[in-house]
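Below you'll find the structure, written out as structure tokens, and then a few comments.
Any read-out appearing in this document is the output of simple, stated calculations on the displayed coordinates, not a laboratory observation. As the structure is a prediction and not an experimental result, all values here were calculated from the model. Here Cβ is always computed from backbone atoms with ideal geometry, including for glycine, and neighbour counts include all displayed protein chains.
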Amino acid sequence: MSGEIKPNIFFVGAIDWDRKLFEELTPLPDGTSYNAYLIKGSEKTALIDTVDPTMTEVLLQHLQNLAVEHIDYVIANHAEQDHSGSLPKILELYPEAKVVTNQKCKEFLIELLAIPDEKFMVIQDKETLSLGDKTLEFLFAPWVHWPETMFTYLHEDKILFSGDFFGSHVATNELFVHDEVLVYDAAKRYYAEIMMPFRNFVKKHLDLVCNMDIEMIATTHGPVYDKPKFILDAYNDWAGDHYKNEVIIVYISMHGSIKKMVNYLIEALTKRDVPVKEFNLTEFDVGKLAIELVDAATLVIGSSVFLAEPHPKILYACHFINAVRPKAKYLGILGSFGWSGQKLVPSIQQATSHIHPELFEPVVVKGIPKEEDLAKLDALADAIAEKHKALK
Ligand code: FEO
């Protein structure tokens, strides 16, 4: 698929219909894309980003179809290989092209792809570059999601080329967002894994973008937003400081005790009008978990004890949750053990230390839950419901 998103501005990226995992971790139920854009100015031609190295041929075919014989500039908004991986081939076929980027991105590209120093043209924040009748402005936007990330704004057409920021994992042959439900979920999946760990930077750069005059946002993954309000509203919601009245329960139950406790807690929360989503970690979609953690107020972790420690699958989930840093405000811990349960709570707390939640009284039982344990689960449900009532 290729196409003109505005006069003389072309999508020349690659749709990856078959990719199943991103970063060898997050499932991609709807595939993804690596977007690149060609801008033909009256005097100069610029390519905005490239594509994953596995799909270089797709980019080259687009350029051939558009009869591109000369590229003056390749703008590198981000050094990660899914957007820079085809750069060596582009520079080989278009030796006149200069790689236009910031100093930090230049250093990454030299390290990652061995691009020679003389190929670069280093620009500063807010610097502009004329293509004749079109003007590019570079806006440094570090940490969404690498330290070198930046945006490129095309003034005359009011298009923001935002790199990964606002991206969505969707393979589609539609240039623009048509199915907002599909793209909302795919963009939230993308946000949860890639952007949520850097929420403070997201908020800062979002403020900048919301105050710009923008008609289109062209990201490096997923279709172009020709109605940018849709994704700006979604990002304001996800990255904002408010919480959803919702509990996410992740658990593993070796012999059924944790399962009983989880079921009881779900019932107790339901009676108190607190919505719940549960993830049995025997088999789960880590991307779906990240999505649900974007705005839930409370996380509950339930684990059988395995060799005196939390179950390894719980520790894996804790490590992931700690890395993506959801804004969860409260944490509950459920445990069940046979002969040693002392390490369960401190180990889970340590494994989730980045998210600084307030801990409810843990409920850790020996063997199966007894009447007094079920009463503690009722008390936990009361405490959660009470805290959630005070949410803004
Ligand atoms: Fe899509 Fe950070 O690369």
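List of remarks:
- Of the cross-linked pairs Lys98/Lys134; Lys260/Lys389; Lys44/Lys229; Lys119/Lys204; Lys89/Lys126, those separated by over 23 Å at the C-alpha level are Lys260/Lys389; Lys44/Lys229; Lys119/Lys204; Lys89/Lys126.
- Of Asp295, Asp18, Asp49, the residue with the greatest mean-square motion in the GNM of the chain, using alpha carbon springs below 10 Å, is Asp18.
- Just checking the listed ones, Ser303, Ser84, Ser347: in the Gaussian network model of the chain with Cα springs under 10 Å, the one fluctuating most is Ser347.
- A helix-only calculation puts the chain at -10000 deg cm²/dmol for mean residue ellipticity at 222 nm, using -39500 (n - 2.57) for each DSSP H run of at least four residues, averaged over all residues.
- Here segment 1-42 yields Rg over Rh of 1.16, to two decimals, using C-alpha coordinates and the Kirkwood radius.
- Set the Cα radius of gyration of segment 251-392 against 2.2 N^0.38 Å, with N its number of residues, and you get 0.96.
- Length gained on full extension, Glu386 to Gln64: 109.6 nm, using 0.36 nm per residue less the C-alpha separation.
- Difference of contour (0.36 nm per residue) and Cα-Cα distance, Asn200 to Asp273: 23.2 nm
- Listed residues Tyr251, Tyr225, Tyr94, most fluctuating in the chain (Gaussian network, C-alpha, under 10 Å): Tyr94
- The chain: angle of helix 199-210 to the longest principal axis, Cα-based, in degrees nearest 10: 40 degrees
- Residues within the reach of a label modelled at Glu174 (point 7 angstrom out along Cα to beta-carbon, backbone nitrogen below 18 Å), restricted to segment 1-34, are 1-6, 11, 15-17, 29-34.
- Reported value for the chain: 134 Å³ per residue, from the convex hull of its C-alpha atoms.
- Dimensions of segment 95-212 based on its C-alpha atoms, expressed as ranges along the principal axes with the largest first, amount to 45, 34, 30 Å.
- Ranking Pro147, Phe306, Leu21 by how far each Cα lies toward the positive end of the dipole of the chain (charges on Cβ) leaves Phe306 at the top.
- Net +/- balance of residues flanking Lys40 in space, Cβ distance below 15 Å, scoring K and R +1, D and E -1: -4
- Extension reserve of the Ile110-Ile368 stretch, reckoned as 0.36 nm per residue once the Cα distance is removed: 87.1 nm
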